[in-house]
1. Treating only the Cβ atoms of Lys and Arg (+1) and Asp and Glu (-1) as charged, compute the dipole magnitude of the chain about its Cα centre; round to the nearest 20 debye.
2. Could you derive backbone 3J(HN,Hα) for the stretch 114-129 from the dihedral phi with the Karplus parameters 6.51, -1.76 and 1.60 (θ = phi - 60°), listing whole Hz in sequence and x where the residue is Gly or Pro?
3. Counting Lys +1, Arg +1, Asp -1, Glu -1, what net charge surrounds residue 100 among other residues with beta carbon under 13 Å of its beta carbon?
4. Of (1) 23.7, 110; (2) 29.1, 119; (3) 23.6, 75, which is the value of Rg and Dmax of the Cα atoms in Å derived from the coordinates here?
5. What net charge do the residues around residue 296 carry, taking every other residue with its C-beta under 12 Å from that of residue 296, with Lys and Arg at +1 and Asp and Glu at -1?
6. Identify the trypsin sites (Lys or Arg not before Pro) of the stretch 1-37 meeting these criteria: DSSP loop state and at most 12 other C-beta atoms within 10 Å of the C-beta.
7. Suppose the Debye formula is applied to equal point scatterers at every Cα of the stretch 44-178; what is log10 I(q)/I(0) at q = 0.13, 0.16, 0.17, 0.21 Å⁻¹?
8. From the phi of every residue in the stretch 140-153, what ³J(HN,Hα) in whole Hz does the Karplus formula 6.51 cos²θ - 1.76 cosθ + 1.60 yield, where θ is phi - 60° and glycine or proline is x?
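Derivation of every value follows stated rules applied to the coordinates shown; laboratory data play no part. As the structure is a computational prediction, the values presented were derived from the model and not from experiment. Here the Cβ positions follow ideal geometry from the backbone for every residue, glycine too, while neighbour counts run over all protein chains shown.
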Amino acid sequence: MRDSAKNFSIKDLDIINKMCTLPNKKIKVYLTLNTIIYDNELIKINKILKQIKNKVDAVICWDLSVIQLCKKYKIPFHISTQASISNIQSALFYKKLGAERVILARELNLKQIKKISKIIEIETFIHGAMCSSISGRCFTSQFLHCKSANRGACRHPCRKSYKVIDDEGNELRVENSRIFSAKDLCTLPFLEKLKKAGITAFKIEGRNREPEYVYAVTSIYRKALDKKLSKKEIEESLKELEKVYNREFSSGFYLKLPTSDDLTKSESGAQKSTKELIGKITHYWDKIKVASVHLVHNELRLGDEIYVQGNTTFFKHKITDMEINHKKVEKAVKGQDVAIKLEKCRENDEVYLILERDKKLGYNKKDKG
């Protein structure tokens, strides 16, 4: 379901498992084989499953051919949300087939979820993009572009603006022309209710997202899962979620049925910040935790926030001190090399300046006037 992504290869599984094995904990590794499967792909699927046996904790799937092969090779499997499981009988059916867990359809409220959780381990979505067909069984992209959403190749035509015109040429005036584009799911304000609903695992939709999105969303929800957040902490966390890519937020089906208010008016995202490449790490002194940054664009000032990003690096940092030629400075400009105290990073890691959105002027540096 991620046709346009740079996906993992089977060869990567060994290093992934090594990365996921911590001193006191093993992070679980799942492999998704959750698209529609055709006859000409069965040999390939069979080969994949034979190779990944004992290298993953479970396979996420829903096509019965993949389920049968998982059973043949004794590989644990979870049922994808593509199966649209929305009732007890469906959950029982997959449990009898041998599924360890089901990822529920998105069209369920908390009361319904609680009932199904008594039958089998369940997983639900808690944050991220929502399709106008909710659980993703959509054919619009297939009809318009011959690119099937059910094969991971959706071109997202639902995100466009549309006009409604009848056969006589009369145009229906609509307040929001994005009549197929759903807001993003956000459950942070009522996450405590989800914790009590019998849900085993929470799922974040992050298809092809930038690292700052993954960083913000996972760290905020991890904190909320580990402890009950205060009202103030929830408000502050929502502001952080609003900074990274989003189409505005909705509670989905959890609390009530969605209405037209759950359709976004956003054209290119409603995020309140973005990033701009301003430099690269040219050297890092590990003993003193200082990096030399060569600025290739814009300027950097005390109080600015940056992302440092590389192949194995990603973190957010607020600039509290800088030096040029061993002298403290308040500002560095394009072409200069500036020393900044940073956590572990590497040569050639990229440095991005975080810009905040101004509704009138677009994106601007914070507090720069």
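1. On the way: 71 positive and 47 negative charges, 272 e Å.
So the magnitude is around 1300 debye.
2. 4, 5, 5, 5, 7, 8, 7, 4, 10, 10, 9, 6, 10, 7, x, 4
3. On the way: positive: 28, 71, 74, 95, 96, 101; negative: 57, 121, 123.
Around residue 100, the surrounding residues sum to +3.
4. (3)
5. Numbers: positive: 280, 334; negative: 276, 299, 337, 350.
Once all neighbours under 12 Å are counted, the net charge is -2.
6. Values: sites: 2, 6, 11, 18, 25, 26, 28; in loops: 2, 6, 28.
For trypsin sites (Lys or Arg not before Pro) across the stretch 1-37 that sit outside H, G, I, E and B with at most 12 neighbouring Cβ atoms in 10 Å, the list reads 6, 28.
7. Relative scattering, expressed as log10 I(q)/I(0), comes to -0.71, -0.93, -1.01, -1.24.
8. 4, 4, 5, 5, 7, 10, 6, 10, 7, 5, 7, 10, x, 10
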